[in-house]
Amino acid sequence: QSMRGAGAAMGTESEQALQEFADHTGGRRYGSGRVDEALQQAMTDFRANYRIAYYSAPAKPDGKHHKLRVTCARKEVRLQTEPGFYAVAPLDPPDDVERMALEAVAHSPFDATDIGLRASVSPDPGTPGNMRLEIRIDAADLLLGQAQDRRTGKVSVLFAANQAAGWGQPGPPIPLDISLTPEQYATVMHDGIELHRALPAGSAIRKIRAIVVDGELGAVGSVTIPIQH
């Protein structure tokens with residue numbers, strides 16, 4: 001937004017920088033005087049935003065930019081995506097990235113939405129004083145690769161409890177290895193991946209948060225369940 005008018009930045013480094021930001025994020029660039037239009041378009045785009053993952057040949061971490069083009073068979077669909085990526089080495093080991101993501105969501109006032117989750121809680125009939133959590137993970141939000149005749153993936157699940165003092169230290173991540181036959185894959189894509197867990201239900205616990213992270217995809221989802229005593 002230029003104080004000197006809509007055309008003041010045309011052809012300048014400022015305009016080029018704005019275009020570079022838009023390209024890196026798969027967004028649009030708007031000139032000065034179009035803030036209202038930009039905000040309205042951003043809200044519209046948010047309702048039609050998808051995460052797409054793909055496998056490619058390994059790229060050497062040489063720091064170079066690699067172009068990327070996404071197309072759609074439907075001619076009426078207009079795609080807006082990032083035009084490429086830089087091949088750089090990861091800054092942190094995958095295990096550290098996963099751990100930091102889990103801890104950040106565990107103490108956040110809001111749930112993470114990269115991975116869709118549904119959950120319900122009921123008394124555990126086998127153990128008095130425990131509660132039974134039923135969680136369904138949206139399989140469409142996970143990175144499930146093809147390994148011979150199966151779809152495979154790996155996620156980690158973590159639980160955190162909320163008491164009067166706030167969110168406590170979450171327990172250790174629980175690894176969940178996924179290996180699905182074609183029939184199982186079709187079922188979970190419709191119904192979700194079901195997970196059951198029994199947890200202590202102390203009288204001081206007000207909420208339980210279930211967190212799922214797909215380390216390969218870098219996606220996190222969580223759902224918070226109020227506890228009725």
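Report yes if GLN163 is in contact with a Lys or Arg (Cβ under 7 Å, 6 or more places away or on another chain) and open to solvent by 60 Å² or more (accessible area, probe 1.4 Å), otherwise no. Even if it seems obvious, please write down each step before you answer.
Numbers: in contact with a Lys or Arg (Cβ under 7 Å, 6 or more places away or on another chain): yes; open to solvent by 60 Å² or more (accessible area, probe 1.4 Å): yes.
Yes: the conditions hold for GLN163.
Answer yes or no as to whether GLN16 is at pLDDT below 65, open to solvent by 70 Å² or more (accessible area, probe 1.4 Å) and not charged (D, E, K, R).
no
Scan the range 183-212 for residues that are part of a strand (DSSP E or B) and among the charged types (D, E, K, R) and jot them down.
Residues of the range 183-212 part of a strand (DSSP E or B): 193-200, 207-212.
The answer is GLU194, ARG197, LYS207, ARG209.
Scan the range 179-205 for residues that are surrounded by fewer than 20 Cβ atoms within 10 Å (Cβ to Cβ) and within 18 Å of ARG118 (Cα to Cα) and report the count.
11
Checking ALA204 against (1) in contact (Cβ under 8 Å) with a residue 60 or more places away in the chain; (2) more than 18 Å from the chain's Cα centre (by Cα): exactly one of these is not met. Which one?
(1)
Does any residue of the range 99-108 turn out to be out of contact with any Phe, Trp or Tyr (no Cβ under 8 Å at 6 or more places or on another chain) and closer than 12 Å to THR224 by Cα?
As a first pass, look at the range 99-108 and keep what is out of contact with any Phe, Trp or Tyr (no Cβ under 8 Å at 6 or more places or on another chain): 99-105, 108.
Still in the list and also closer than 12 Å to THR224 by Cα: 105, 108.
The answer is yes; a qualifying residue exists.
One residue is enough: does the range 144-156 have a residue meeting the conditions within 25 Å of HIS107 (Cβ to Cβ) and out of contact with any helix residue (DSSP H, G or I) (no Cβ under 9 Å at 6 or more places or on another chain)?
Scanning the range 144-156, I find at least one residue that is within 25 Å of HIS107 (Cβ to Cβ) and out of contact with any helix residue (DSSP H, G or I) (no Cβ under 9 Å at 6 or more places or on another chain), so the answer is yes.
Can you tell me which residues in the range 159-182 are under 16 Å from ILE193 (Cβ atoms) and either touching a residue at least 40 places away in the same chain (Cβ under 8 Å) or part of a loop (DSSP other than H, G, I, E, B) (or both)?
In the first step, residues of the range 159-182 are kept if they are under 16 Å from ILE193 (Cβ atoms); the result is 174-182.
THR181 - this is the single residue of the range 159-182 that is under 16 Å from ILE193 (Cβ atoms) and either touching a residue at least 40 places away in the same chain (Cβ under 8 Å) or part of a loop (DSSP other than H, G, I, E, B) (or both).
Within the range 138-158, which residues are in contact with a Pro (Cβ under 9 Å, 6 or more places away or on another chain), in a strand (DSSP E or B) and open to solvent by 20 Å² or more (accessible area, probe 1.4 Å)?
Looking only at the range 138-158, we keep the residues that are in contact with a Pro (Cβ under 9 Å, 6 or more places away or on another chain), and these are 149-151, 154-158.
Next, only the ones that are in a strand (DSSP E or B) stay: 150-151, 154-158.
Within the range 138-158, ARG150, ARG151, LYS154 qualify.
Within the range 182-190, is even one residue in contact with a Lys or Arg (Cβ under 6 Å, 6 or more places away or on another chain) and at pLDDT 90 or above? Before you say what the answer is, go through the steps one by one.
Residues of the range 182-190 in contact with a Lys or Arg (Cβ under 6 Å, 6 or more places away or on another chain): 185.
With at pLDDT 90 or above added as a condition, the list becomes 185.
Checking the range 182-190: at least one residue is in contact with a Lys or Arg (Cβ under 6 Å, 6 or more places away or on another chain) and at pLDDT 90 or above.
The values are calculated or read from the model by the stated rules, or taken from the named source; none is laboratory data. Fair warning: this is a prediction, and the values are worked out from it, not measured in the lab. Please note: Cβ atoms are built from the backbone with ideal geometry, for glycine as well, and neighbour counts cover all protein chains shown. Each accessible area value is taken on the protein alone, full model and side chains, heavy atoms only, with ligands, DNA and RNA left out. Shrake-Rupley method; radii C 1.70, N 1.55, O 1.52, S 1.80 Å.
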